[in-house]
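Structure, as structure tokens:
The values are calculated or read from the model by the stated rules, or taken from the named source; none is laboratory data. Here the structure is a predicted model, which is why all the values come from computation and not from measurement. Positions of Cβ are backbone-derived with ideal geometry, glycine not excepted, and every protein chain shown enters the neighbour counts.
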Amino acid sequence: MQKLVGQTAIVTGASSGIGKACAIALGLDGANVVVNYAGNSAGADEAVETIKNEGGNAIAFKADVSKQDQVKAMFKAAVDTFGTVDILVNNAGLQKDARFTEMSLADWQFVLDVNLTGQFLCAQEAVREFQRRGMSGSKALGKIICMSSVHELIPWAGHVNYAASKGGVMLMMKSLAQELGPMKIRVNSIAPGAIKTPINYSAWHTPEAEARLLKLIPYKRVGETEDIGNVCCWLASDESDYIHGATIFVDGGMTLYPGFEDNG
Ligand code: BGC
């Protein structure tokens, strides 16, 4: 049974990887979907087509989540097309890796702008829209799902901008959950581990790289984007109505200090 019929979701960064899988999963679960992208229109169109081919509703919308005017335009397009927004999946994110002393201010700023400020701007517009609309077909006034990472917890040398952005997402999400809970706005995070996407292609695309990566994953499988899409639908649905302010780790156990498994 479809869990999200009659609801509308905006998924940021949905032209590839985890965002695309979440957009498709939400669309197949009955939600109208705004497939946001920054540059890859072909990927966004593919997600829209996949949803439409299964009888769902979706549009693609280009917006840089770190720019307030573009975020506002995206929410306006969602409301104009589908009437309101019920679910925000704050997914857009990127990496610009460098050793610390080589990291430019521009690369630090770029990652923080997209990964953290982008989530702030989209969450703010979502909350304003939830409040304008009032209660509708869900137990909650609205749902916000922040895409975090195991690196909200696990420090990551060579990626300080990325790890700092995800640490920021953790406390932004929890602070929002504390503030918005009384309004029946449900706020949570998904923290993926290593999922096969373009962002970490070099970490899994050769057998040697994959073997190295699997040492960090007790469950001995690199994740697939559908692993996250499934959790996203459930977290957006009323089945998880009492989950609020939580980070759901979807990581095959990457956060279990795997180096200790044979350190007896
Ligand atoms: C990163 C990936 C990495 C994974 C596990 C994710 O947040 O974007 O590049 O493979 O964490 O380290």
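Here are some notes:
- Positions within the stretch 112-158 being within 28 Å of G83 (Cα to Cα) and acidic (D, E), in sequence order: E125, E129
- Subset of the stretch 135-165 (residues that are within 9 Å of the ligand (Cβ to nearest atom) and part of a loop (DSSP other than H, G, I, E, B)): S148, S149, I154, W156, H159
- Counting residues in the stretch 143-150 that are more than 19 Å from A21 (Cβ to Cβ) and either crowded, with 21+ Cβ neighbours inside 10 Å or charged (D, E, K, R) (or both) gives zero.
- For the stretch 175-198, a tally of residues being surrounded by fewer than 18 Cβ atoms within 10 Å (Cβ to Cβ) and in a helix (DSSP H, G or I) returns 7.
- Residues that are under 16 Å from the mean Cα position of the chain (by Cα), in a helix (DSSP H, G or I), among the acidic types (D, E) and surrounded by 16 or more Cβ atoms within 10 Å (Cβ to Cβ) are absent from the stretch 218-226 altogether.
- Those residues of the stretch 179-200 which are within 16 Å of the ligand (Cβ to nearest atom) and either out of contact with any Ser or Thr (no Cβ under 8 Å at 6 or more places or on another chain) or more than 12 Å from D251 (Cβ to Cβ) (or both), in sequence order: S189, A194, K196, T197, P198, I199, N200
- Applying a threshold of 9 Å to beta carbon distances and a minimum spacing of six or more residues, or different chains, the list of pairs starting in the stretch 197-208 at a residue that is aliphatic (A, V, I, L, M) and ending at one that is surrounded by 10 or more Cβ atoms within 10 Å (Cβ to Cβ) and part of a helix (DSSP H, G or I) reads I199/G17; I199/I18; A203/A209; A203/E210; A203/R212; A203/L213.
- Counting only helices (runs of 4 or more DSSP H) that sit wholly inside the stretch 10-118, those with at least 2 residues that are more than 16 Å from the chain's Cα centre (by Cα), within 29 Å of R132 (Cα to Cα) and at pLDDT 95 or above are 41-53, 68-82.
- Among the conditions (1) without any contact (Cβ under 8 Å) to a residue 60 or more places away in the chain; (2) within 16 Å of the ligand (Cβ to nearest atom), the only one that Y242 does not satisfy is (2).
- Odd one out for F110, checked against (1) of a type in the set (A, V, I, L, M, F, W, C); (2) within 16 Å of the ligand (Cβ to nearest atom); (3) in contact with a Lys or Arg (Cβ under 7 Å, 6 or more places away or on another chain); (4) closer than 11 Å to V34 by Cβ: (4)
- Within this structure, I199 fails the test of being aliphatic (A, V, I, L, M) and under 16 Å from A246 (Cα atoms).
- Selection status of A211, of a type in the set (G, A, S), in contact (Cβ under 8 Å) with a residue 40 or more places away in the chain and either surrounded by fewer than 23 Cβ atoms within 10 Å (Cβ to Cβ) or farther than 29 Å from Y257 by Cα (or both): no
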